[in-house]
Structure formats: structure tokens, C-alpha cells
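The values are calculated or read from the model by the stated rules, or taken from the named source; none is laboratory data. Predicted, not measured: the structure shown is a model, and the values here were computed from it. Cβ: placed from backbone, ideal geometry, glycine included. Neighbour counts: every protein chain shown. Surface accessibility is based on the protein's heavy atoms, side chains included, excluding ligands, DNA and RNA. Shrake-Rupley method; radii C 1.70, N 1.55, O 1.52, S 1.80 Å.
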Amino acid sequence: MKFTDEHHALYKTVKEFGENEIKPFSEEWEKAGIYPAHEIFKKMGDLDLLGITKDPKYGGTGLDYSFSVVFAEALGHACNASAIMSIGVQTDMATPALDKYGSDLIKKEFLAPSISGDYVAALAVSEPNSGSDVASIKTSAKKDGDDYIINGQKMWITNATQADYFCVLVNTSNDSVHHNKSLIVVPSNTPGLSVGDKIDKIGMRASDTAPVYFDNVRVPQAYRIGEEGAGFTMQMKQFQEERLFLTASTLIAMENCIKDTIEYCTERKAFGKSILDNQVIHFRLAELQTELEALRALTYKACDRFVDGKDVTMLASMAKLKSGRLIREVTDSCLQYWGGMGFTTENPVSQQYRDGRLQSIGGGTDEIMLQIICKHMDTLPKK
Amino acid sequence: MKIAVLTKAIPSYESSIRIDSSSTWIDESVVNFVVNESDSYALEEALQIKEKLDNGSEVVVVTMGSQDNTSKVLKDGLAKGADRAIFIQNEDSNTDPLSIAKLFSQNLKDENFDLVFSGLQSDDLGSGQTGVLIGELLGMSTATLGIETDIQDGKIKIKRELESGWFQWVTLPFPASVSIQSGINEPRYPSLKGIMGAKRKESKVIDGQLSDDPKQNFINLFVPKTEKATEKIEGDVDGIVAKLMDILKNKLRVIS
Ligand SMILES: Cc1cc2nc3c(=O)[nH]c(=O)nc-3n(C[C@H](O)[C@H](O)[C@H](O)COP(=O)(O)OP(=O)(O)OC[C@H]3O[C@@H](n4cnc5c(N)ncnc54)[C@H](O)[C@@H]3O)c2cc1C
């Protein structure tokens, strides 16, 4: 990836924004179990940070995806994985399909206020009985005049309690599972839509995750994104951005974890010397830093190809897989070197350990990433 | 209203600073240059004045130095909302404030700025003279340490920070040169559209030569030596106390 002055300047704005507007409040938000998405998004919208690649006609800046990767990486300096994930949902998970395939009406009503930071968006794909197996979702939308009537339940929805609308994957016909789905935008105040209690989680505590229930929810058919039946394909394409974002946004967390650990291990003495002086420790940290740089290179390569208009499903899945594996390795190893201090809750490393664990689950599990990679390598068992 | 904001690229606090082989300057090749802190406040104040007046005022960022160190600084100013930039290119490491002020004045004279804002001081050299000297050389009224500004009836009122929590309001006629204290406002972040638009704004490059007769030179730049010495006081208690008192009174002079 070639970094221009503009990439560097964007990095600086996002880094400073994260350091000043998010990081200082991290502890408070973690305790509260939620963070003020509307307030943060409005500030980010004012800086044009929520529509980097989006259509300029609706307030976006229309840049290529390399700027989004820089944005995601720089966001790491905010040091609050919950807020970073929630921002990613807004910019790279719930809205790419609206931008690429949405009608003028959808873009005006939903995309433009998401870019300006007036609306909080959420992506509702997973269900209680369908996570990895997206094709098996049960939520359905039946036509009724000019409307759809939606029934079903979504699960694990990030931003759910604050969202102004949901980008929902539903079944709109009885066709085969890959051709019966559509993405529909559903405003959160539509009668029949209700959001359940926040789910208590081991990490990402400042992010509100909740189930969403649809009980005869009536929305105009005009709120469907793109063609009927194209939802599965659109969602699969939207996953490329999601996975690139998720990977890039963890790089700084890992880097900080290694840096903080070096600092701690330098100060901490045992057996008459700093614990960093033990080869087993400084070699291990060097190894992790090397892996991190390799992941960064893979992320940039995937981004380059994506910018060139290539399908990067395999590379993005590899990056996402590796980031899930690596953040677990980095945080686990680093935590170990903090000894008892690592086992306390108010410690940046232990927070990354808890938050980072999601990376192997959310946005597609490690196993699903492996399955996708195998499909591209053509190594899955032949039926 | 035409406002110039002087902005300087200084080594960032995060850079590791090494003295170069001449022992009169630092090794710039390993340093990351950033905008001098108080200059950011000066720029923000200028932008807020422009926005408040809302009468087509112009904010111009002005810097001097080498291309490599300053390009980011000018772009940052343009991205934040300055209308254009003036870059006085000069690779010289001469740090004499009078020579620098003269070069600025010569090149800014024809612009006829109503206001020149500068930061209170540059965080690298800290001489705090450039703004005042330029004001004098261009026949402007001057004030330093501004912590509030108010434009009224064709004049600018400046609240100045004095010692020990004292303040002073002064009213200056235009043209005026004012140095701005850090903390006066909340500098904005450059927006993405501002960043992308910066390259389309006018940036004038002037080849500038500093005087070859500087009134001030660096003779030797050095890192303060830290020496640790432990003095052991031995003897009976009375002897130790007497010796300790002597050291505290006469050597360290912390008691009298
Ligand atoms: C904090 C959080 C936030 C989330 N945010 C959102 C959101 O905003 N929107 C949204 O739609 N979803 C969201 N999710 C849901 C997330 O995408 C799913 O949890 C994830 O896809 C896994 O689905 P599941 O939990 O149903 O696990 P399951 O699909 O039940 O999987 C359980 C285990 O089985 C493994 N497995 C499944 N199939 C195979 C196979 N073929 N081969 C090998 N192993 C297999 C999985 O890898 C996993 O290890 C979120 C989840 C969490 C925890």
C-alpha cells in the first residue's frame, strides 16, 4: 500500500480523535456497559470519517478502500475495542451494501444520516440458530401490497440498543437458500420491532449487543436494498470490507500490548535483573512483533487488491483468521509476563485479552474463515 | 480581514533527539517534525475570527524552513481551513530571531496583512521573539501572550496573561501582530474533506536567504551531564547530624 500525505494526515486526525475523544472515557464506558454512539458518531461525521469510501452525493468522500484501512488501523489508538467495533459496524459492516446497491431513497433516508453521524446503524444477520451457517436463517419477509411483513429474531446485534435502523438479512422467497434472501433496511421505531436486554459478555463490555425481535414488522418494499433474492451475495461481498476492517483495527491493539509489556518487563525485577532480560521473554516478544508485521503486510496486500477491484474474499478471510489467532497469542503471552498484575481486570493487557477473544468469533469464526480459504484452495471434500 | 498565521515545524516530543556531528544542531534525519503547539492555537483563533466575521476574510498560513520538514505543517494548516499558504524555503540552520523576522517581513510586506498571529514561542528554541520583531519591522502594533481576542470597531482587544494569575486587556489598532498562548481555544482536527482539499489550495513558495550576519549563533549544543555521586557520612550520631547540617546549609543551600 502506498501511503500518500493524505493517508498520513487521515491517520493523524483519527489517532488524535481516538486519543482525545474515546480513550479517556474508556474505563467509564466499560463500567457503564455502553458508550454514547450518537455523540461520538456526530463528532466523527463532522470530520467526514464515517463515509470515507461512500458516494459523495450523500456526504461521503468517495475515496478508495486504502483510506478505510488507514482509518481502521489508526482507530486502534482509541484503545477501546468496543467503540472501535461499533464504529466499524457503522462504516464497514452495516452500510457498504446501502452505498453500493441502495436506491436514491434508501441513500437519502438512511445512508446520508449515517455518514453525517446523525444515525447509528446496525447489521442484523445472525440468529439464535444461525450464526456460522448464514444461509440457514429463518427470519422472513412476506410481501403485502407495497410492503413487506417481517417476522423472526436476530441475535448478537452490535449497536442494537442505540441503532436508528437495522440492515436486516431476511428470506423473501422459498427459492434455494442462496437465492431467497434480501437485505432490507428497517427503522428501529417501526411498530413490532423490539430490542431485547443487553447481553452480558466477558469482553467488549462497552459495546451494546442485544437480540432484536420482529413481530409483524411492516416496511415499504422500497426499503429493500437492490434486487430481491440478491441478499446473500450482497452480504457475502459486504463481508470483505467487514473482515478487512476487523483485521486492520486490531493491529494497534496488539502493538500496544507488546509495547506495554516491554515497558512493564523492563521495570519489573526478579532474580536480580529485569524480567525482560530473560531470553525466553524478549525472544517471544520479538516473535510476536514479527507475526504482527506479517499480518499488517497481508492486510495491506488484501487492501491493494480490493482497491484494484479484485475479489479478495480469500485474502480478507486469511487476514481475519490470522488476526483472530494472533490477538489471542499476543494477549495471552503478554498477560503471562505481567504475572499477577495480568490477572487483574483494570489492566490494558487483560482488557485486550478479553476483548480480543471476540476476533476469532465475530464477523465469521476462525473455522468459517478456514472453510472459505479451503473453498478457494479447492481442498474441501468432494461430495 | 487578512490574517497571517506563522506556523513552525518543530521536532516532535516523541522523536529521539540526537546532536549532530557539528555539535551546533540536532540530527534532523531521525526526527519527526510536527506543528509547534502554540501555533495550532494561533491558527484556530484566526479561523474562528474568520468564521465569526463571516465577511470573506482570509487566513494564510506562513512557514519558513526546509521543504522536508515543513510540507506537512502547511498541509495541516490548509486542511484545517486556511485559505492559502506561503512557504519561505530556506535550508539554513541559522536560528537568529532578528534575521528570521527580517526574512519574514520582507516577504510578507506586500501582502498588507491586518493581523499576524504567531504562537507564543516555538517549543524547540523558545525565544518567543519572531512575532514581536515582525510587528516592529512592519510597523504594526504588537502584543504577546494573548489568551482571548475580541474584534470590535476596527480594533482588536487582546487579553494578555501576566505573572501570578494577573491579566491585562489591551486594545490594538490594525495592523497588529499578536502572539498567542497555548490553551486559548480548542484546535480543530483536520476533517477528511479538508485533508483532501488541501492539495488544491494555493501554496506559494518563496526562495529565502537569511542574513549572513546573524546576531546570534549556537556555539555548542550538548546534553546536560547527569552525574550520580553518593557521599557516605560516617561517625557517631552527633557528628553525622553536624556534617549533614553543614551540607544542607552550605553545599546544597536548602536551609539557612
Ligand atoms: C460480541 C458479538 C457481537 C456480534 N455482532 C454481530 C452483529 O452486529 N451482527 C450480526 O449479524 N452478528 C453479530 N455477531 C454474531 C457473530 O457473527 C456470530 O456469533 C458468529 O458468526 C458465530 O455464530 P454462532 O455464535 O451462532 O456460532 P455457531 O455457528 O453455533 O458456531 C459454534 C462453533 O461451531 C463452529 N462451526 C460451525 N460450523 C462449522 C463447520 N462447518 N466446521 C467447523 N466448525 C464449525 C464455529 O466455528 C464455532 O466454533 C456478534 C457476536 C458477538 C459475540
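At the residue level, residue B:124 shows approximately 60 square angstrom of accessible surface with a 1.4 angstrom probe and all protein chains present. Evaluated over the stretch A:5-120, the count of Lys pairs having alpha-carbon atoms less than 16 Å apart is 13 (only pairs 8 or more residues apart or interchain). Centre-to-centre separation between the Cα atoms of the stretch B:16-48 and those of the stretch A:147-172: 51 Å. Legend: helices of chain A (whole DSSP H runs) are marked when their alpha-carbon atoms reach 27 angstrom or more along the helix axis and their mean Kyte-Doolittle hydropathy is at least -1.0; marked are A:279-307, A:313-337. The stretch between residue A:277 and residue A:345, if pulled fully straight at 0.36 nm per residue, gains 21.8 nm over its current Cα-Cα span. Count Lys and Arg as plus one, Asp and Glu as minus one, and take only other residues whose Cβ is under 13 Å from that of residue B:6; the net charge is then -2. For residue A:161, the accessible area of its heavy atoms, probed at 1.4 Å with every protein chain present, is near 60 square angstrom. Relative contact order, whole percent, for chain A stands at 16, derived from Cα pairs under 8 Å and 6 or more residues apart. Using a probe of 1.4 Å, the accessible surface attributed to residue B:61 totals some 0 Å² when neighbouring protein chains are kept in position. Computed over protein heavy atoms with a 1.4 angstrom probe, the accessible surface ordering of A:223, A:165, largest first, is A:223, A:165.
In terms of the Cα gyration tensor, with a ≥ b ≥ c the square roots of its eigenvalues, is the stretch A:179-253 rounded because a/c is under 1.5, prolate because a/b exceeds b/c, or oblate? Verdict is oblate for the stretch A:179-253. Under 5 Å from the amide H of residue A:249 lies no amide H of any residue 5 or more positions distant or on a separate chain, with H modelled from the backbone and absent for Pro and chain starts.
Remark: the Cα gyration tensor places the stretch B:55-149 in the rounded category, a/c being less than 1.5. Of B:25, A:156, the order by accessible heavy-atom surface (1.4 Å probe, DNA, RNA and ligands excluded), from most exposed downward, is A:156, B:25. Within straight cross-link reach of residue B:228, meaning Cα distance under 23 Å, which lysines are found once same-chain residues fewer than 8 apart are removed? Within the straight-line cut-off, residue B:228 pairs with A:269, A:273, B:243, B:249, B:251. Extension gain for the segment residue B:112 to residue B:254, taken as residue separation times 0.36 nm less the Cα-Cα distance, is 45.7 nm to one decimal. Sequence-ordered 3J(HN,Hα) estimates for the stretch A:51-59 from the Karplus curve with 6.51, -1.76 and 1.60 and θ = phi - 60° stand at x, 3, 9, 7, 4, x, 5, 10, x Hz, glycine and proline given as x.
Rounded to the nearest 20, the size of the Cβ-charge dipole of the stretch A:340-383 about its Cα centre is 260 debye, with Lys and Arg at +1 and Asp and Glu at -1. Once backbone amide H atoms are built at 1.01 Å from N, residue A:160 has A:210 as its partners under 5 Å, excluding neighbours fewer than 5 places away on the same chain.
Taken as Cα centroids, the stretch A:273-292 and the stretch B:191-240 sit 33 Å apart, rounded to the nearest whole angstrom. Counted by Cβ distance under 14 Å from residue A:34, the other residues give a net charge of -3, where Lys and Arg count +1 and Asp and Glu count -1. Note on chain B: the C-alpha convex hull projects to 19.0 nm² when averaged across all orientations. Phi angles across the stretch B:17-23 convert, under the Karplus curve 6.51 cos²θ - 1.76 cosθ + 1.60 with θ = phi - 60°, into 3J(HN,Hα) values of 9, 10, 7, 7, 5, 7, 6 Hz, Gly and Pro given as x.
Overall form of the stretch B:113-227: rounded. Here a/c, set by the Cα gyration tensor axes a ≥ b ≥ c, is under 1.5.
In order along the stretch B:216-231, the phi-based Karplus estimate (6.51 cos²θ - 1.76 cosθ + 1.60, θ = phi - 60°) of 3J(HN,Hα) comes to 8, 9, 8, 9, 8, 10, 8, 8, x, 7, 9, 10, 10, 9, 9, 9 Hz; Gly and Pro are listed as x. The candidates A:31, B:8, B:228, B:199, arranged from most to least accessible area with a 1.4 Å probe in the full protein assembly, appear as B:228, A:31, B:199, B:8.
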